[in-house]
Structures are given as structure tokens and as C-alpha cells.
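The values are calculated or read from the model by the stated rules, or taken from the named source; none is laboratory data. Everything numeric in this text was worked out from a predicted model, so none of it was measured. Every residue, glycine as well, gets a Cβ built from its backbone with ideal geometry; the counts of neighbours run over all protein chains shown.
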């Protein structure tokens with residue numbers, strides 16, 4: 001079993017490298033300047049095949065996710081125009097904590113979060129860029145993400161129900177197809193048997 005898992009992870013790693021190139025190429029392709037372009041389609045951000053933070057570490061080394069997050073966070077800090085920026089050790093630690101705690105998020109989802117933050121959808125900074133404001137806002141984003149996934153699951157479920165209805169036929173249609181016209185359906189037989197039994201019991205009690 002461990003060997004099979006290792007092979008799956010190796011295959012996943014190879015797929016990412018084949019698609020995006022080496023680490024430098026990936027970081028260049030998913031730089032902060034492309035946030036708006038990527039986030040024009042929110043559904044694609046959630047449900048597309050962009051790699052997760054964990055996948056980045058798998059493909060390019062364990063610090064890659066944090067390395068990718070550093071310029072994203074710095075870009076957010078610059079955008080907000082606060083006097084005291086997020087930089088140095090605080091910037092690196094914030095990136096590392098997000099990479100560790102939310103390793104299952106796709107890079108496209110995090111880009112969507114940064115775009116929404118810039119649009120004033122979450123908390124705001126006062127005087128300085130506070131990492132706690134970012135991490136708290138990320139929790140609000142996760143609630144939005146959960147709702148998006150729930151809506152998608154409901155839509156898929158409803159679609160499956162409609163497809164099932166299209167494939168189903170009535171008892172009358174089945175009997176006509178099998179040459180058994182006029183035959184009582186199993187449900188009607190059960191209901192009929194139950195009614196007859198109920199009537200019989202009632203009559204028996206009446207004459208006791």
C-alpha cells in the first residue's frame with residue numbers, strides 16, 4: 001500500500017512539473033500581477049485543476065508554497081497603502097503559517113481571496129498591515145468557499161435526479177413493453193393486500 005501511494009504521488013509530481021515547468025517557471029506564471037486575470041472566473045478558481053499548496057511542496061520542495069505566498073502577501077501589503085508594511089520575519093511567518101494550515105487550498109483559490117480582500121470584502125488594516133487581519137479574513141473566505149462547494153454539490157445532485165427521471169419509465173410503460181398490459185403493479189398489489197387485510201380484521205372485530 002505505501003508503495004502504491006508513493007507511485008501516485010510521484011505521478012502527481014511529474015504531472016505538475018510537466019505542465020508548469022520548474023519552480024522558477026511556476027512562480028513566474030502565478031505571480032501577483034495575474035490575480036485579476038485568473039479570478040475573472042470564480043467557478044474556475046474553486047473547481048479548476050490549479051495545484052494546491054501541498055502539491056507545490058510535493059513537486060518543487062517543501063518551502064515552495066510559502067515562497068509563492070510571500071510575494072502574494074507583499075503585494076497585498078503594498079496595495080493597501082499602509083505606512084507600516086508586512087515585511088521581514090512577520091511576512092515570512094505569515095506565509096509559512098498559511099502554507100501549513102491551508103495546504104489543501106488551490107493557488108487559484110488563494111488568489112481569489114487576495115482579490116476579494118483588495119475589494120474590501122473582509123476586514124481592513126488600520127495604520128499597519130496586521131497578519132491577524134489577513135488570517136481572520138481567510139477564515140471568512142473559507143465560509144464562502146464552503147457555500148460554493150455546497151451549491152455545486154446540490155446542482156450535481158439535482159442534475160443526477162433529473163437524468164434518473166429521464167431514464168425511468170412508468171409501470172404502464174413497462175407492461176406495454178413486456179406485453180403485460182393490465183397487470184397490477186407491485187405497489188398496488190401491496191396496497192391492495194393491506195387494505196383487504198385491514199377490512200378482514202375490522203369485520204372480525206365487529207362480530208366478536
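When residue 103 is tested against (1) in a helix (DSSP H, G or I); (2) surrounded by fewer than 16 Cβ atoms within 10 Å (Cβ to Cβ); (3) in contact (Cβ under 8 Å) with a residue 40 or more places away in the chain, just one condition goes unmet, and that condition is (1).
Of all the criteria given as (1) assigned to a helix (DSSP H, G or I); (2) closer than 14 Å to residue 76 by Cβ, the one not satisfied by residue 152 is (2). Checking each residue in region 30-85 for being assigned to a loop (DSSP other than H, G, I, E, B), touching a strand residue (DSSP E or B) at 6+ places or on another chain (Cβ under 8 Å) and closer than 23 Å to residue 145 by Cβ picks out 48, 50, 51.
Based on what the data block shows, is residue 25 assigned to a helix (DSSP H, G or I) and assigned by TED's automatic domain parsing to the domain that holds residue 96? Here the answer is yes, as residue 25 does meet what is asked.
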